[in-house]
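First comes the structure, then the notes that go with it.
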Amino acid sequence: MNAAIVERSVEVRLAPGPCPIIQSHRLTLRPHRIGDADAIAASLADFKVARMLSRVPQPYHRDDAIDWLVRQTSGLMPDWSLAVTTGDDVHIGVVGMELRRDGWHLGYWLNRYYWDHGYMTEATGAVLERFFRRMPDAVVHSGAFADNLASLNVQRKLGFRIVDAGEVFSTARNRMAPHIETMLEAGDLVRPQAC
Ligand SMILES: CC(C)(COP(=O)(O)OP(=O)(O)OC[C@H]1O[C@@H](n2cnc3c(N)ncnc32)[C@H](O)[C@@H]1OP(=O)(O)O)[C@@H](O)C(=O)NCCC(=O)NCCS
């Protein structure tokens with residue numbers, strides 16, 4: 001077997017395949033489309049959402065959403081970028097699995113109107129279960145700003161463990177902020193009951 005073939009087979013094992021459509025108890029998670037730009041712009045123009053994310057500018061405009069969507073829908077990256085939808089395909093948030101230099105990272109947000117109904121625990125639980133089915137040996141990294149108790153609770157419920165703490169720059173806050181780092185392996189995933 002020559003070197004090119006060895007390299008290709010390793011690449012295949014390291015990618016989870018195309019972004020899937022996932023049905024959970026109350027939600028449909030599907031790949032993004034350019035047409036999601038208005039909903040994303042409306043959700044991320046809310047400072048209470050953006051301040052908990054590291055890379056979302058304020059103010060946030062439709063063009064920012066288009067730029068992000070063009071990258072996510074290009075098909076050039078192994079990442080999953082799932083639209084969280086409810087009812088009649090209403091876009092209420094995002095769950096992303098992003099491959100960075102140090103491995104896979106889970107990120108997510110929800111339009112503020114939909115907070116505190118268990119939606120994100122349901123959505124991330126469903127995505128992680130599908131991801132680990134395709135990538136059983138992967139380690140998933142996540143985390144949250146230290147003042148983001150809701151997000152840390154989501155991760156605690158899913159089985160993530162805290163592995164480090166430091167500071168991360170928040171574009172929306174325009175400053176460094178204390179940040180907790182977490183990690184999850186397939187065997188530790190806890191799926192919430194009603195998903
Ligand atoms: C974080 C976020 C996605 C949570 O979504 P959600 O659907 O409301 O989360 P869930 O309802 O599934 O779970 C939230 C948990 O935190 C708890 N919680 C909510 N607000 C809280 C607060 N201020 N302090 C402590 N706990 C809180 C809820 O009670 C729930 O726990 P429980 O099920 O044990 O009662 C949503 O708040 C959000 O989009 N925030 C802004 C963006 C963001 O923070 N993204 C994540 C970046 S790491």
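Condition check ((1) among the basic types (Lys, Arg); (2) within 14 Å of the ligand (Cβ to nearest atom)) across all residues:
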residue: Gly96; (1), (2): no, yes
residue: Arg101; (1), (2): yes, no
residue: Leu128; (1), (2): no, yes
residue: Val140; (1), (2): no, yes
residue: Leu158; (1), (2): no, yes
residue: Val168; (1), (2): no, yes
residue: Asn174; (1), (2): no, no
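Quick one: which strands (runs of 3 or more DSSP E) sit completely within the range 86-195 and have at least 3 residues that are crowded, with 20+ Cβ neighbours inside 10 Å?
Details: elements: 90-100, 103-110, 139-145, 161-170, 175-185.
Answer list for the range 86-195: 90-100, 103-110, 139-145, 175-185.
Residue by residue through the range 57-78, note down the ones that are in contact with an Asp or Glu (Cβ under 8 Å, 6 or more places away or on another chain) and touching a residue at least 40 places away in the same chain (Cβ under 8 Å).
If the condition is that a residue be in contact with an Asp or Glu (Cβ under 8 Å, 6 or more places away or on another chain) and touching a residue at least 40 places away in the same chain (Cβ under 8 Å), then Pro57, Gln72 are the ones that fit.
A quick yes/no check of all residues on (1) surrounded by fewer than 16 Cβ atoms within 10 Å (Cβ to Cβ); (2) at pLDDT 95 or above; (3) under 26 Å from Ser151 (Cα atoms):
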{"position": "Asn2", "(1), (2), (3)": "yes, no, no"}
{"position": "Ser9", "(1), (2), (3)": "yes, no, no"}
{"position": "Val12", "(1), (2), (3)": "yes, no, no"}
{"position": "Leu27", "(1), (2), (3)": "no, yes, yes"}
{"position": "Met52", "(1), (2), (3)": "no, yes, yes"}
{"position": "Arg55", "(1), (2), (3)": "yes, yes, yes"}
{"position": "Val70", "(1), (2), (3)": "yes, yes, no"}
{"position": "Asp79", "(1), (2), (3)": "no, yes, yes"}
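The values are calculated or read from the model by the stated rules, or taken from the named source; none is laboratory data. Owing to the predicted nature of the structure, the values given are computational and were not obtained by experimental measurement. Please note: Cβ atoms are built from the backbone with ideal geometry, for glycine as well, and neighbour counts cover all protein chains shown.
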